[in-house]
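Worksheet for the structure shown next.
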Amino acid sequence: VSTWSSVPAGPPDPILGVSEAFKADKDPRKINLGVGAYRDENGKPYVLSSVKKAEESIRASNPDKEYLPITGLPEFTKNAAKLAYGEDSAPVKAGTIAVTQSISGTGALRIGGAFLGRFYPHAKVIYLPVPSWGNHTPIFRDSGLEVRGYRYFDKKTVGLDFEGLKEDLRNAPEKAIVLLHACAHNPTGVDPTPAQWQEISDIVKERQLFPFFDMAYQGFASGSTDRDAFAVRHFVKEGHQIALSQSFAKNMGLYGERVGAFSLITADAEEKARVDSQLKIVIRPMYSNPPLHGAQIANTILSTPALYHEWESEVKGMAERIISMRERLYNELTHTHKTPGEWSHIKSQIGMFSFTGLSEAQSVGLAEKAHIYLTKDGRISMAGLNGSNIDYFAESVARAVK
Ligand code: PMP
């Protein structure tokens, strides 16, 4: 008998499973709105021009393929921290941010989970918004933290359950860890307003909670990397010692290159050195050191003013195309197809995703009847819509709802 004969089959990944079903579908009208990857106006993956130019300049410099240090390319991590915290942030200026390169956002969250699991000096309990990105629970559970939830989304208003959120954070045990999506909340597309972030910061302070920000979409929400960093920078200004996960998958379109960063704010240089030394000890047995190429691309963009400006306008372009799809989808559902129900949330939601409010039966039905693939919770990736498929999508949704 085989050594693995008693390994039970596991369920397919809820998001990546949608892509597999999409690939197997032969209908020419098929649309994949499952995975959160940007698509251009022709529905094609998009390699940013700033990225292509960065790659050319890297190639021209004839680089070697040596290992990076355990915590990655030092210039990259420095520039990544500047992008998130802002050039004139106090801990950036004081040099008290412990930062490491990571295998994109997922790896940053995992390093953070492992570090907190090992060194967080209070109860190792993390509160996630309900709902949250599907991978958060397994990442933190596998890191040895106890995962709990705080209310976030209100099905009735298809918006933020702010009262529920506040109540749950106030009732969380003191010093619990709380995960916050910095912007463009996945899967709901619903973000707190700046005023609401200020209230959240106050409660986090009152309850001495430890804020762990997941920033996977900086620039993708509003089109401005500064505006999208509001929550992170506000918390830092308020004196919170935050943990931060960053991903360059979406905002630089570097999905498969796996470029990210994890950082912690420390009290002073001496403490930073201790934290840095332990980050290395956490990372070394996981993967020794991170991949080189993507970090070189991101760093070239972040450190070359002309490329940085081009990148900023490309991020804005992606965000604006998504926003224009929201406007158009709303109009088609409401005016063209007179779809029953209220659809203004399509326009007010933020970032890559929209939580449509479609039921599981309707979502599954769209795949079976219309070759349109989305996750069962009714989430669609707005970036999968374009001028050629949005009519068919709106018409199919209208039919599914009527
Ligand atoms: N956090 C959130 C909220 C996400 O949506 C994603 C991407 N789907 C990630 C983290 C991490 O993605 P990656 O590992 O590709 O950077």
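Values quoted throughout were computed directly from the atomic coordinates according to the rules given, and no laboratory measurement underlies them. Just so it is clear, the model here is predicted, and its values are computed rather than measured. Glycine gets a Cβ as well: all are built from the backbone with ideal geometry, and neighbour counts include every protein chain shown.
Data table
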quantity	calculated
Beta bridges by DSSP in the chain, antiparallel share as percent, to the nearest 5	50 percent
Percentage relative contact order, the chain, counting C-alpha pairs under 8 Å, at least six apart	26 percent
Listed residues 371, 251, 159: farthest to the positive end of the dipole of the chain (Cβ charges)	371
Listed peptides 360-368, 123-131, 384-392 by packing density, highest first (mean Cβ within 10 Å)	123-131, 384-392, 360-368
Cα-Cα pairs of region 258-402 separated by more than 25 Å (percent)	51 percent
Cα-based helix-to-principal-axis angle, 194-206 vs the chain, degrees rounded to 10	50 degrees
Long pairs among 78/250; 124/272; 369/402, criterion Cα-Cα beyond 18 Å	78/250; 124/272
Computed magnitude of the charge dipole of the chain (debye, nearest 20; Cβ of K, R +1, Cβ of D, E -1)	540 debye
Reciprocal mean inverse distance between Cα atoms of region 1-61 - Kirkwood radius, Å	15.7 Å
Gyration tensor (alpha-carbon) shape descriptor, region 258-330, a/c threshold 1.5	prolate
All-pairs alpha carbon distance profile, region 39-150, 5 Å steps from 0, percent	2, 9, 12, 14, 16, 18, 14, 8, 5, 2, 0
Ordering of 284-297, 345-358 by burial proxy (mean other Cβ atoms within 10 Å per residue, highest first)	345-358, 284-297
Ranking of 163, 75, 257 by count of other Cβ atoms within 10 Å, fewest first	163, 75, 257
Cα long-axis angle, helix 360-370 against the chain (0 to 90 degrees, to the nearest 10)	60 degrees
Those residues of region 255-292 whose amide nitrogen sits under 18 Å from the label point placed on residue 93, 7 Å along Cα→Cβ	265-269
Whole-number percent relative contact order across region 270-402, with pairs defined as alpha carbons under 8 Å at least 6 apart	21 percent
Solvent-free Debye scattering, log10 I(q)/I(0), computed from the Cα coordinates of the chain at q = 0.06 Å⁻¹	-0.24
0 to 90° range, to nearest 10: angle between helix 74-85 axis and the chain longest Cα axis	60 degrees
Computed helical MRE - 222 nm, the chain, DSSP H runs ≥ 4 contributing -39500 (n - 2.57), nearest 500	-13500 deg cm²/dmol
Calculated Rg and Dmax of region 175-302 using C-alpha coordinates, Å	15.7, 43
Span from the region 250-276 Cα centroid across to the region 347-402 one, whole angstrom	35 Å
